[in-house]
Amino acid sequence: MRRRTFLKSIAAGGLKTIVSRLPSGLQARSAIRSRVRPSDLGWPRTDRWEKLNQVVGGNLIKPRPLFATCQEEQNGAACAEATRNMRNPFYIGDQPAGTEVSGWLDAWTPAPSEYAVRVRNTADVIAVVNFARENNLRLVVKGGGHSYLGTSNAPDSLLIWTRAMNRVILHDAFVAKGCEGQFAPAPAVTAEAGAMWIDLYDAVTTRGGRYVQGGGCTSVGVAGLVQSGGFGSFSKGFGTAAAGLLEAEVVTADGRVRVANACTNPDLFWAVKGGGGGSWGVVTRLTLRTHDLPEFFGWAEGKITAKSNDAFRQLITRFVAFYTENLFNPHWGEQIRLGPDNTLELSMVSQGLDDDQITRLWRPFFDVVKSAGDLTVSAIDAGAAHSRHWWDVVYRKSKGSDAMISDPRPDAPASHAWWSGDQDQVGAFIHAYDSLWLPASLLRRKESDRLGDALFAASRHHRIELHFNKGIAGAPSEAVAATRDTATNPAVTDAFVLVIIADGERPADPGLARPAVDTNAARKNAQQIDLAAAELRKIAPNAGSYVSESDFFNAEWQRTYWGANYPKLRSIKRKYDPDGLFFVHHGVGSEEWSADGFTRG
Ligand SMILES: Cc1cc2nc3c(=O)[nH]c(=O)nc-3n(C[C@H](O)[C@H](O)[C@H](O)COP(=O)(O)OP(=O)(O)OC[C@H]3O[C@@H](n4cnc5c(N)ncnc54)[C@H](O)[C@@H]3O)c2cc1C
């Protein structure tokens, strides 16, 4: 309740501030004040929908809630299928109304669009964008469906669903349009908007022997992640996914197809690189740089539990010192988790180091924690393997690994698998979520005590996750420079880590038979997350936050997501989408609209 009231007041206050800052010409320019709903007189008549359906080859659909069949017939085959697959991210993504998370306490509930178009190509996208604009509809775009903030679903809307556009093409020597003679040809990969990262990893790494910087979760959509900035396990080596973008094709609100790259429409190109999904137009394809594949990817895992608070505080000091000296470099990413039960869970990965280097690197730390009388250690291990098999689920299975879970459906591609570590998130109902970037200056000797104290204090309230791969300080200078040349908050390149504090519970989709969510307990959990984040904000008072993994109720989203880049993003938004056809919660320009995106001003 408190969170909702808070949100309303922010929306109202934020709007006044921004509108008054706009030049008067721009304030007057847009005529669109509201979007129509199915209950409104202006809603397109059936014949118009039929015409659209013809234009898009019969791909206009009426999406139904994921568990609609369970409400109709609890024991029916369709309900059984939905229930069987509700923890399968690929199945969820294959449903027009599917969302990877099943909602967020006091924030949003999955709600299908009134209509969706399963677009097959750019021409379909143009047709739907024009239809939405001409009929003044609330438009939504969905790719992988992994928006935590619920920005790819909205009731009473028309959905552009890119799932069926998923071709992936490799290039030996790609030159962006208009960049001929200005940039050297580069090896690259082009993906259509509906492709998921596993599709690229399969083509680029498993089959192609190269590397592309994408996301960690295999079923995240390529277009959604690149527009978020986007981090994968090895981003400390290569920068954000957006930093690797060479070109995008975008259908803008006027229905025009625009190529965006460093030489053609460079402002749109920059905005698409981290300016947030669903705000600029429909990205129909993206081309990303590929890199030489490091020979090895590695890992360090384990669980260390301290027998007292003091011992845990000391363990944090030890780890921070070990990290600063040995891991704060392009090789090491992913995370550690610090919990109220005085446990440090280690789940780190590396690129470019062989088994021997890794074993030698970690031995001193492992020896110390194993021999400490006030710590218990379990399943501690570090090593490396040939990188080409990292995303190769068939190979992994042949070696007895259970690190990846295959899509069990009979017609699923063999490469479609998700990390077992991501399983808990599939279908999760979010209680609360927050993230903040901590500057690398906190690793300096004279600051490290403050850092240790704050991490310890935060972990008293809730488990915190330190995602080192999501802070780009410590990366190679080219990766830092390429990330700086994106719309993501520049704080990302000064940060050694993104701390994520989040929690939720098992799926709570509408229509799913389950006991009601215990909202009191969930709100208490949300409060603990707020308290933990507050401890960390004491040492990083103006910390930025990652647009895609952040608090739905973030009061300062413009500053925290984009920092000094926000005014430039606003002006690019006005140029390409003056009528706000592309609206998402806390997207650039969304402060001009009501929370549901239907009413302006
Ligand atoms: C389980 C899980 C794991 C995650 N793991 C990571 C991770 O490892 N690294 C990381 O950086 N992030 C991660 N994220 C966050 C994720 O990257 C973002 O939520 C991303 O935007 C999702 O893209 P999508 O296409 O899958 O989702 P969608 O919900 O389909 O889209 C997300 C946003 O992008 C817009 N969008 C999608 N496609 C297009 C398009 N073609 N044109 C224009 N707008 C479009 C949508 O309108 C929406 O606003 C994760 C999220 C979840 C739920």
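Restricting attention to the range 495-550, the residues that are among the charged types (D, E, K, R), open to solvent by 50 Å² or more (accessible area, probe 1.4 Å) and touching a residue at least 24 places away in the same chain (Cβ under 8 Å) add up to 5. Remark: pairs (first residue in the range 429-441, closer than 10 Å to ILE529 by Cβ; second residue open to solvent by 20 Å² or more (accessible area, probe 1.4 Å) and assigned to a helix (DSSP H, G or I); Cβ separation under 6 Å; 6+ apart in sequence or on different chains) = HIS431/ASN525. Among the residues of this structure, ALA311 counts as one that is open to solvent by less than 10 Å² (accessible area, probe 1.4 Å) and more than 10 Å from the ligand (Cβ to nearest atom). Only one of the numbered conditions (1) closer than 15 Å to GLU549 by Cβ; (2) in contact with a Phe, Trp or Tyr (Cβ under 9 Å, 6 or more places away or on another chain) is not met by ALA487, and that is (1).
Does ALA191 count as within 20 Å of VAL251 (Cα to Cα), outside any loop (DSSP other than H, G, I, E, B), away from the ligand (no atom under 12 Å from the Cβ) and among the small types (Gly, Ala, Ser)?
Numbers: within 20 Å of VAL251 (Cα to Cα): yes; outside any loop (DSSP other than H, G, I, E, B): yes; away from the ligand (no atom under 12 Å from the Cβ): no; among the small types (Gly, Ala, Ser): yes.
For ALA191, the condition - within 20 Å of VAL251 (Cα to Cα), outside any loop (DSSP other than H, G, I, E, B), away from the ligand (no atom under 12 Å from the Cβ) and among the small types (Gly, Ala, Ser) - is not met.
Close contacts from the range 134-155, counting a first residue that is within 19 Å of LEU286 (Cβ to Cβ) and a second that is acidic (Asp, Glu) and near the ligand (Cβ under 8 Å from one of its atoms), with Cβ to Cβ under 8 Å and a gap of 6+ residues or different chains, come to GLY144/GLU100; GLY145/GLU100; HIS146/GLU100; SER147/GLU100. Evaluation of ARG514 against the conditions (1) part of a loop (DSSP other than H, G, I, E, B); (2) under 17 Å from SER441 (Cα atoms) shows that the sole unmet condition is (2).
For the range 52-104, a residue qualifies if it is without any contact (Cβ under 8 Å) to a residue 40 or more places away in the chain and within 16 Å of the ligand (Cβ to nearest atom), and exactly one does: GLN95. The sole residue among ASP434, ASP424 that is open to solvent by less than 40 Å² (accessible area, probe 1.4 Å) and among the charged types (D, E, K, R) is ASP434. Within the range 555-573, residues that are under 13 Å from ALA491 (Cβ atoms) reach partners that are open to solvent by less than 40 Å² (accessible area, probe 1.4 Å) and assigned to a helix (DSSP H, G or I) with beta carbons closer than 7 Å, at six or more positions or on different chains, in the pairs ARG559/TYR566; TRP562/LEU569; GLY563/ALA491; TYR566/GLN558. Look through the range 574-589, keep the residues that are in contact with a Leu (Cβ under 7 Å, 6 or more places away or on another chain) and either within 16 Å of the ligand (Cβ to nearest atom) or without any contact (Cβ under 8 Å) to a residue 40 or more places away in the chain (or both), and return whichever of them is farthest from ASP494 (Cα to Cα). Among those residues, the one meeting the criterion is LEU581.
Consider ASN166 against the criteria (1) closer than 22 Å to ARG256 by Cα; (2) open to solvent by less than 30 Å² (accessible area, probe 1.4 Å); (3) within 23 Å of the chain's Cα centre (by Cα); (4) not small (Gly, Ala, Ser): it satisfies all of them except one. Which criterion is unmet? Going through the list (1) closer than 22 Å to ARG256 by Cα; (2) open to solvent by less than 30 Å² (accessible area, probe 1.4 Å); (3) within 23 Å of the chain's Cα centre (by Cα); (4) not small (Gly, Ala, Ser), ASN166 breaks only (2). Taken over the range 314-338, the criterion of being under 21 Å from SER477 (Cα atoms) and either touching a helix residue (DSSP H, G or I) at 6+ places or on another chain (Cβ under 8 Å) or open to solvent by less than 40 Å² (accessible area, probe 1.4 Å) (or both) is satisfied by TYR323, THR324, ASN326, LEU327, PHE328, ASN329, PRO330, HIS331, TRP332, GLY333, GLU334.
The values are calculated or read from the model by the stated rules, or taken from the named source; none is laboratory data. Since the model is a prediction, treat every value here as computed from it, not as a measurement. Don't worry about glycine lacking a Cβ; one is built from the backbone with ideal geometry, like all the others, and counts go over all protein chains shown. Ligands, DNA and RNA are stripped out before the accessible areas are found, and what is left, the full protein with its side chains, is counted by its heavy atoms. Shrake-Rupley method; radii C 1.70, N 1.55, O 1.52, S 1.80 Å.
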